[in-house]
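Asks: Here you go, one structure.
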């Protein structure tokens, strides 16, 4: 921290000498890094493309299931969870977490989005946390959480990856970064950049945050080196099957969350499995499993106070389609992991899969709102009042009964 | 504000250049678009059927490989494997060459509006290679299904796209089979809604358009029969077609399943009033402003409807409209456009880029685009790249842009221009004072160039 402060100070003096308006520049304003108002960690993962909940967590105990999924139902290859649900084989590396009570699922859930089944609108509704688009709400629900809590700083919440995450967009300052981004600039270059961005708030803010974060990460790097090597040696990493962006994102998230960061979010694509689903869904579930295991390994002791919440825009058709895949549907599943989770359970008001039970004759009927589960987690982990959840974070939501997802 | 040549080159082209003059007026932009495609002739990209290895080349070798593996003779397996490696390397080399040619066209084009239109429509009809092995065929899809139609009729582009093997594979139409068709074999194969849904939601009437799940389903049934034969390319297979008449958006089509019936539905969709409105909004939202003036969109939509989707007429309306020339608002350049416009402003020789080594193309251009958030030909979904400025000018995106601006020009350009000159070449005769000052105050040429290219003035349009 001291190093960054010093750089800023030097910058301030020379910047002023150059004649640019130093006082108005966020680049030159010392940022107070308050410690966060709570100690628990929340990681929100967005599964883009609509995860097939009925294949990830298979309700084999429902008499209609096998008939709906003649080629997809995994049968004995799936790991039994509780005598009704079984787990897709690609999630098998997570079974130790299930056994320890650090992994839970909810089923037959959805956002309020219905009928048009567009990925992009579905994801906007999920991340905005609203009942419908076009209501004037333009920020994300995790950002609104940040707006309700005093004492947070930009570092409290991190949007990770190269995309912009609507879930964290909004009035409250949050940090955004992608793990493989670097920025090294001469002091003069920084001064001149500040000058050419000066009249443009969008560019000014993005570049000043970039410089701050890059310096902070460089300053932290010494301390992280030992932890990273610890992590590589951790037995949890043995379950990690793949390398790729998701592992880098998870490692980066874990590194931030070991410090002052309390909330992190990133997304995992690859769930839109219209065709020959077993291949792509297996890969996507493998990615999810890797991500969760990498987070656990990277977080070390902090895992004990962590909840990972995985959400998708909607589920997929109850019947497999004509090409051994599934089309866009409604009800789906959520995945929860972490030491803060009361795991080893699938939480659901199961609607059934018989013809008459399906939504619009084709989809798993949602019986619970994704937002209610997320709301109960925020309430439990951060002490946010129910009224704040139902009015400020998810306007108009009825939280309903406590699903008991937390210890 | 009327037509301005410099703003015309920046907003509707690939930027100002020391070598290529900006367009004199809207009429010359449109007549260039109607004229011969000089950039395509000079920096060629093969069409789909000639892009080697072609799909049949790959299908043949894959078959030989399977046969060799079945026969189990080690020598034959090794031989076919060696040929496979050669083929894969050739595919990668062509993919990279296609990228180089795309960038070269952007840098060198006299008629840069055509390049921008090609990028826009390729994004509107996004295709991704489902398997890495066919990644080199995405640009050829654009060359064949998109580029010839950018100044033509929307319906023609729509039909070219919807019958193209790359789109049929990408959105799974090739595998979709009418549930009561002969190919369904008693229900063992069936329908896939993917293309039908995106056709309505993304390609024509838009997500707020007047369609329901029933329309998606009917459209999916109507599209059955469109498929891909790995040896022959696009095919219409009547055995896959769902029998009977389908009704989409209130129109019932012939109960005779045929390509003509599908084209009839596409022709109707192409001129639906909701399509006119949606496409007008997409074009204005890409070229003029993230949230374009509704009057501009309405005028463009009216032209679209009056002309039955004549795209050149729609562009003419855009270029004539005062709202298209406001300097407030505007757009942020997406990464490919940012990089191309920077190289163009620096006076980089387009032929050198087209002939650059694979390593140069990867390290200096493709990798930086990844970090800026725009991996070449790999948008996340069929909705393509984001339009909103805020999606690109994030801390991580900005860091990647600044890094590239500060480092790549010095490595790519032998004689960097004097920053005091570049500020005028890149930004036109009236650049903002702070950028002029910064160009003068930089400690080195490299840094001066970097600051100019990083500036909001250069990255906005």
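Since every read-out is calculated from the coordinates, none of them should be taken as a lab result. Note that the structure is predicted; figures quoted are calculated from it, not measured. Cβ sites come from the backbone with ideal geometry, for glycine too, and all protein chains shown count toward neighbours.
Asks: Dimensions of chain A along principal axes (Cα, Å, largest first)?
Replies: Taking the Cα atoms of chain A, the three principal extents are 77, 49, 39 Å.
Asks: Relative to a virtual label point 7 Å from the Cα of residue A:342 in the Cα→beta-carbon direction, which members of the range A:100-127 show backbone nitrogen distances below 14 Å?
Replies: Zone members listed by number: A:101-105.
Asks: Just tell me how shielded A:120-133 is by partners: mean number of partner chain Cβ atoms within 10 Å of each residue's Cβ, no decimals.
Replies: Counting other chains' Cβ atoms within 10 Å and averaging over A:120-133 gives 1.
Asks: If you line up the long axis of helix B:259-270 against the longest principal axis of chain B, both from Cα atoms, how many degrees apart are they, to the nearest 10?
Replies: 40
Asks: Just to confirm my numbers, what's the Cα centroid distance between the range B:330-345 and the range B:197-211 in Å?
Replies: That distance is 30 Å.
Asks: Further, regarding this structure: What is the packing order of peptides B:446-455, B:344-353, taking the mean over residues of other C-beta atoms within 10 Å and listing the highest first? It would help to have the intermediate numbers written out before the result.
Replies: Numbers: B:446-455: 26.2, B:344-353: 21.0.
Going from most to least packed, we get B:446-455, B:344-353.
Asks: To continue, here is another question. How large is the helix-only mean residue ellipticity at 222 nm for chain A, computed as the sum of -39500 (n - 2.57) over DSSP H runs with n ≥ 4, divided by its residue count, in deg cm²/dmol to the nearest 500?
Replies: Details: 11 runs with 142 residues, N = 407.
The per-residue figure over chain A is -11000 deg cm²/dmol.
Asks: Listed highest first by mean packing, meaning other Cβ atoms within 10 Å per residue, what order do B:176-183, A:351-358 come in? Present the calculation step by step, with values, prior to reporting the outcome.
Replies: Working: B:176-183: 21.5, A:351-358: 15.2.
Taking the mean over residues of other Cβ atoms within 10 Å, the ranking is B:176-183, A:351-358.
Asks: In whole Å, what are the extents of the range B:114-222 along the principal axes defined by its C-alpha atoms, from largest to smallest?
Replies: The Cα atoms of the range B:114-222 stretch 48, 37, 19 Å along their principal axes.
Asks: Full-extension gain between residue B:188 and residue B:89, please, as 0.36 nm times their residue separation minus the C-alpha to C-alpha distance. Display every interim value, and only then the final one.
Replies: Details: separation 99, 0.36 × 99 = 35.64 nm, distance 3.75 nm.
Residue separation times 0.36 nm, minus the Cα-Cα distance, leaves 31.9 nm.
Asks: Rounded to a whole number, what is D in µm²/s for chain B from Stokes-Einstein with the Kirkwood radius over alpha-carbon pairs (10 °C, 1.306 mPa s)?
Replies: On the way: Rh = 23.6 Å.
In µm²/s, the coefficient rounds to 67.
Asks: Moving on. Suppose R0 equals 35 Å. What FRET efficiency, 1/(1 + (r/R0)^6) with r the Cβ-Cβ distance, do residue A:180 and residue B:73 give to the nearest 0.05? Spell out each step's value before the answer.
Replies: On the way: r = 45 Å, r/R0 = 1.28.
Between residue A:180 and residue B:73 the formula returns 0.20.
Asks: Starting from the Cα of residue B:349, move 7 Å in the Cα-to-Cβ direction to define the label point; list residues of the range B:1-42 whose amide nitrogen is under 15 Å from there.
Replies: B:19
Asks: Once both axes come from the Cα atoms, what is the angle between helix B:294-306 and the longest principal axis of chain B, in degrees from 0 to 90, rounded to 10?
Replies: On a 0 to 90 degree scale, this one is about 50.
Asks: Could you list A:144, B:420 so that the one with the fewest beta carbons within 10 Å of its beta carbon is first and the one with the most is last? Intermediate values should be presented prior to the final figure.
Replies: Details: A:144 23, B:420 13.
So the residues, fewest neighbours to most, are B:420, A:144.
Asks: Still on this structure: Arrange the following residues from fewest to most other Cβ atoms within 10 Å of their Cβ: B:158, A:145.
Replies: On the way: B:158 23, A:145 28.
Arranged by neighbour count, lowest to highest, B:158, A:145 become B:158, A:145.
Asks: Please report, to one decimal in angstroms, the Kirkwood hydrodynamic radius of the range B:355-412 built from all distinct Cα-Cα pairs.
Replies: On the way: mean 1/r = 0.0809 Å⁻¹.
In the range B:355-412 this quantity evaluates to 12.4 Å.
Asks: If you don't mind, another one. Among DSSP beta bridges whose residues both lie in the protein assembly as shown, state the antiparallel percentage, nearest 5. Mind dumping the intermediate values first?
Replies: Details: 25 of 49 bridges.
Beta bridges within the protein assembly as shown, antiparallel portion: roughly 50 percent.
Asks: Expressed as a whole number of Å, what is the distance separating the alpha-carbon centroids of the range A:269-316 and the range A:91-153?
Replies: 14
Asks: What Kirkwood hydrodynamic radius, in Å, does the range B:1-106 give when the mean of 1/r is taken over all pairs of distinct Cα atoms and then inverted? Walk me through the intermediate numbers first.
Replies: Working: mean 1/r = 0.0568 Å⁻¹.
Evaluated on the range B:1-106, it is 17.6 Å.
Asks: Say R0 is 60 Å: what FRET efficiency, to the nearest 0.05, do residue B:445 and residue A:66 get from their beta-carbon distance?
Replies: On the way: r = 70 Å, r/R0 = 1.17.
Efficiency for this residue pair is about 0.30.
Asks: Report, to the nearest 10°, how far helix B:213-223 tilts away from the longest principal axis of the Cα atoms in chain B, using its own Cα long axis and a range of 0 to 90°.
Replies: Helix B:213-223 sits at roughly 70 degrees to that axis.
Asks: Kindly put B:20, B:207 in sequence by how many other C-beta atoms sit within 10 Å of each C-beta, fewest to most. Mind dumping the intermediate values first?
Replies: Values: B:20 20, B:207 16.
Fewest-to-most ranking of B:20, B:207: B:207, B:20.
Asks: Over the alpha-carbon set of the protein assembly as shown, work out the extent along each principal axis and list the three values in angstrom, largest first.
Replies: Answer, in whole Å and largest first: 76, 65, 64 Å.
Asks: Can you give the Rg/Rh ratio of the range B:166-270, where Rg is from the C-alpha atoms and Rh is the Kirkwood radius? Mind dumping the intermediate values first?
Replies: On the way: Rg = 12.8 Å, Rh = 13.6 Å.
Rg divided by Rh gives 0.94.
Asks: Right, something else. Given a Förster distance of 41 angstrom, what is the FRET efficiency for residue B:110 paired with residue B:230, based on the Cβ-Cβ distance and rounded to 0.05? If you can, show how the numbers build up before the last one.
Replies: Details: r = 39 Å, r/R0 = 0.96.
Here the calculated transfer efficiency is 0.55.
Asks: For A:327-335, what's the mean count of beta carbons from other chains sitting within 10 Å of each residue's beta carbon? Please list the in-between numbers first.
Replies: Working: counts 10, 5, 0, 0, 0, 0, 0, 0, 0.
Other-chain Cβ atoms within 10 Å of each residue's Cβ, averaged: 2.
Asks: Would you mind giving the mean number of other chain beta-carbons within 10 Å of the Cβ of each residue in A:111-118, as a whole number?
Replies: Working: counts 0, 0, 0, 1, 2, 10, 5, 8.
Shielding by partners across A:111-118 averages 3.
Asks: With runs of 4+ DSSP H residues as the only contributors, calculate the mean residue ellipticity of chain B at 222 nm using -39,500 (n - 2.57) per run, divided by the residue total and rounded to the nearest 500.
Replies: Working: 24 runs with 247 residues, N = 461.
-16000 deg cm²/dmol, from helical runs alone.
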